[in-house]
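> I have a structure I would like to understand better, so I am pasting it below and will then ask my questions one at a time.
The values are calculated or read from the model by the stated rules, or taken from the named source; none is laboratory data. Nothing here was measured: the structure is a model prediction, and the numbers come from that model. Methodologically, a virtual Cβ is constructed for each residue, glycine included, from the backbone with ideal geometry; neighbour enumeration extends over all protein chains shown. Each accessible area value is taken on the protein alone, full model and side chains, heavy atoms only, with ligands, DNA and RNA left out. Shrake-Rupley method; radii C 1.70, N 1.55, O 1.52, S 1.80 Å.
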Amino acid sequence: MRRRVAENLVAYGFLSAALVCFAVFSWYPIARGAVLGFQQVDFVDDPVWVGWENFERLFADPLFATAWRNTLLFTALALVFGFAVPFLLAVVLNELRHFRAYFRLIVYLPVMLPPVVAALIWKWMYDPGPGLLNTALRGLGLEGAAWLDSADTSMLSLVVVATWANLGTATLVYLAALQGIPGDLYEAAELDGASVWRRLWHVTVPQTRFVLLVLALLQVVATMQVFTEPYVMTGGGPEDSTVTVLLLLYRYAFYYNDFGTASALSLLLLLVLGAFTALYLRATRKADA
């Protein structure tokens, strides 16, 4: 054991800086947050151990179920749009022969915008009065919509913003995976008389399956933590239709000064995402076996 440690001493030295950073900025906050979930704390008075009271308070809050329902709805809609649209866009970009680099830049531009700036731009576009979308609709002789002011359209409007803002990264990852597919496979499929859709389904999708599965997992984890769009654009309204788990967590911490209950909610979210990730990885490994 001592010999192995001595042989890898330099490697451990290089790793030590990263391990310290992870311990201080990742692992310690997670452990500290888990402890706070069982305490009554406001960072003014000394924390008091309250056991499961924070969780009981959460479960008794009517907004708790609403926040989880809204978050799951946002995640489901984001998977429909934010998963399929970048993949199809990458397929189209992969087929281009001219100006491919310019289109890649255009697709990636929204990612360069700060999330708050992107949300404010879309909030103005959704404005029922002078907003760009309703102005365009009225110019076509159509009636404008209350995009963010109606419980029926507010969540879908936020999903569109999130999809647009994060479209570039997923598209470029898919595009890199598509460019790694051997052209012989498409030629063989074309010689067999396969249509475009059959080549997409039987060649493209299987060859990019690993990337698709990884990005699907990352997207679920990211969208379950949505905060910026509902916080900036709707504040959780109208009628609490866009209150998400993280927005509720923010309210507990900074509106009600109840950091214990906020930590309890963050711990629940961690457990849910951890359990989903474990089940997802296990299911995909069984499918590969």
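> Can you give the charge dipole size of the chain about its Cα centre, rounded to the nearest 20 debye, using +1 on the beta carbon of Lys and Arg and -1 on the beta carbon of Asp and Glu?
Using only the charged Cβ atoms, the result is roughly 1120 debye.
> With the cut-off at 1.5 for a/c, could you classify the chain from its C-alpha gyration tensor as rounded, prolate or oblate? Walk me through the numbers before you get to the answer.
Numbers: a/c = 2.09, a/b = 1.15, b/c = 1.82.
Verdict is oblate for the chain.
> May I pose another question? In what sequence, largest accessible area first, do M233, M1, M112, M125 appear using a 1.4 Å probe?
Working: M233 10, M1 170, M112 115, M125 35 Å².
The residues order as M1, M112, M125, M233, largest area first.
> Can I ask one more? Which length gain, in nm to one decimal place, applies between V85 and L137 when the Cα-Cα distance is subtracted from 0.36 nm times their residue separation?
Details: separation 52, 0.36 × 52 = 18.72 nm, distance 2.38 nm.
Additional length available on full extension: 16.3 nm.
> Give me the three principal axis extents of region 93-139 from the C-alpha atoms, as integers in angstrom, largest value leading.
The Cα atoms of region 93-139 stretch 42, 28, 11 Å along their principal axes.
> Once the dipole of region 36-190 is set up with Lys and Arg at +1 and Asp and Glu at -1 on Cβ about the Cα centre, which of L137, Y186, F99 lies farthest towards its positive end?
Value: F99.
> Right, next: Leaving ligands and nucleic acids out of the surface, order R209, R69, R100 by accessible area at 1.4 Å, largest first. Mind showing how you got there, number by number?
Details: R209 85, R69 145, R100 65 Å².
So the residues, ranked largest to smallest area, are R69, R209, R100.
> Heads up, I need the accessible area for K286: 1.4 angstrom probe, whole protein in place, Å², nearest 10.
Here the accessible area works out near 140 Å².
> Moving on to the next point. Heavy atoms of the protein only, probe of 1.4 Å, neighbouring chains included. What is the accessible area of R57 in Å², nearest 10?
The value for R57 is about 100 Å².
> Here's another thing I want to ask about it. Where the only charges are on Cβ atoms (+1 Lys, Arg; -1 Asp, Glu), what is the dipole of region 63-166 about its Cα centre, to the nearest 20 debye?
360
> Report the semi-axes of the equivalent ellipsoid for region 149-256 in whole Å, largest first, where each axis is √(5λ) for an eigenvalue λ of the Cα gyration tensor.
Numbers: eigenvalues 332, 43, 20 Å².
The three semi-axes for region 149-256 are 41, 15, 10 Å.
> Across bins of 10 angstrom width beginning at 0, how are the C-alpha pair distances of region 16-105 distributed, in whole percent?
Reading upward from the zero bin: 13, 19, 21, 23, 15, 8, 1.
> Can you give the charge dipole size of region 1-92 about its Cα centre, rounded to the nearest 20 debye, using +1 on the beta carbon of Lys and Arg and -1 on the beta carbon of Asp and Glu?
On the way: 6 positive and 7 negative charges, 135 e Å.
The dipole magnitude comes to about 640 debye.
> Then there's this: Ignoring everything but the protein chains, give the 1.4 Å probe accessible area of R138 in square angstrom, nearest 10.
Result for R138: roughly 120 Å² accessible.
> Please list R251, R285 from largest to smallest accessible area, probe radius 1.4 Å, with all protein chains kept in place.
R285, R251
> Still on this structure, I have one more. At 25 °C and a viscosity of 0.890 mPa s, what translational diffusion coefficient does Stokes-Einstein give for region 34-75, taking Rh as the Kirkwood radius over Cα pairs? Give it in µm²/s as a whole number.
208
> Suppose each label sits 7 Å from its Cα in the direction of the beta carbon; what would the D152-T284 distance come out to in nanometres?
3.8
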